[in-house]
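The values are calculated or read from the model by the stated rules, or taken from the named source; none is laboratory data. Computed from a predicted structure; not experimentally measured. All Cβ positions, even for glycine, are placed from backbone atoms using ideal geometry, and neighbour counts span all protein chains on display. Heads up: the accessible areas ignore ligands, DNA and RNA and are worked out on the full protein's heavy atoms, side chains in. Shrake-Rupley method; radii C 1.70, N 1.55, O 1.52, S 1.80 Å.
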Amino acid sequence: MVLMYTDRCRLIKSIVTRYDPNFNENRIVYEYLHDDVLPCKITGMNNRRIIELFGKLGDVNTVVRFLNSDIPKDAQFIEAGERKFKVTSSAIYPNDAVLYCKEVTEW
C-alpha cells in the first residue's frame with residue numbers, strides 16, 4: 001500500500017493575543033514550529049474506528065501522519081489551508097510521526 005503525503009500543513013506551537021497600540025486592538029499571533037509547509041496525510045475517522053485501530057485517545061476525529069519522525073512533539077495546533085486542528089496526542093515512530101487531532105472551526 002502506498003501512502004501519499006499529498007496534504008500540506010503548518011505546525012503551531014502557541015496562539016496568543018497581543019495588544020497592538022498602532023491599531024488600538026488585540027491581534028492574534030501564531031508561533032510556528034517550522035517556517036515552511038510540511039507534507040502530510042490528513043485522514044478523518046470516526047471515533048469507533050480510531051478506538052479499533054489506536055485505542056482510546058479521547059476526543060479525536062482526525063489522524064495527521066508525517067513522513068519524517070523529526071516532527072516536534074510540542075505542536076499544539078495544525079493549520080492546513082482553511083482547516084484547523086487541535087492536537088490531542090502524538091506518537092513518534094522510527095520512520096514517521098502521527099498526530100491525533102480534533103478538527104475545530106476556530107482557535
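Details
- As a calculated quantity, the FRET efficiency between TYR19 and GLU106 at R0 = 22 Å, using C-beta atoms, amounts to about 0.65.
- The calculated 222 nm mean residue ellipticity attributable to helices in the chain amounts to -2000 deg cm²/dmol, summing -39500 (n - 2.57) over DSSP H runs of n ≥ 4 and dividing by all residues.
- Less than 5 angstrom separates the built amide H of ASN61 from those of CYS101, LYS102, GLU103, all sequence-distant by 5 or more or on a different chain.
- Inter-label distance, nm, simple model (7 Å from Cα along the C-beta direction), LYS73/LEU33: 1.1
- When the chain is treated as a GNM with alpha-carbon contacts under 10 Å, the residue of VAL64, VAL37, VAL16 showing the greatest mean-square fluctuation is VAL16.
- Accessible-area composition of the chain, carbon plus sulfur, in percent [1.4 Å probe]: 49
- Positive-end ranking of ILE51, ILE28, VAL98 along the dipole of the chain, with charges on Cβ about the Cα centre, is headed by ILE51.
- Highest-fluctuation residue, PRO21, PRO39, PRO94 considered, GNM on the chain with Cα pairs under 10 Å: PRO21
- Surrounding net charge for ASN47, when Lys and Arg each add one and Asp and Glu each subtract one, Cβ distance under 10 Å: +1
- Region 1-101: radius of gyration and largest Cα-Cα distance (Dmax), Å: 15.4, 54
- Count of lysine pairs in the chain with Cα separation under 12 Å (8 or more residues apart, or interchain): 4
- Probe 1.4 Å, protein heavy atoms only - accessible area per residue of the chain in square angstrom: 66
- Phi-based couplings in Hz for region 77-89 (Karplus 6.51, -1.76, 1.60; Gly and Pro marked x): 9, 10, 10, 10, x, 8, 7, 10, 9, 10, 6, 9, 7
- Remark on LEU33: its backbone amide H falls under 5 Å from those of LEU11, ILE12, LYS13, a criterion applied only to residues 5 or more positions apart or on other chains, H modelled at 1.01 Å from N.
- Backbone amide hydrogens, once placed in the peptide plane, bring TYR5 within less than 5 Å of nothing, excluding anything fewer than 5 places away on its chain.
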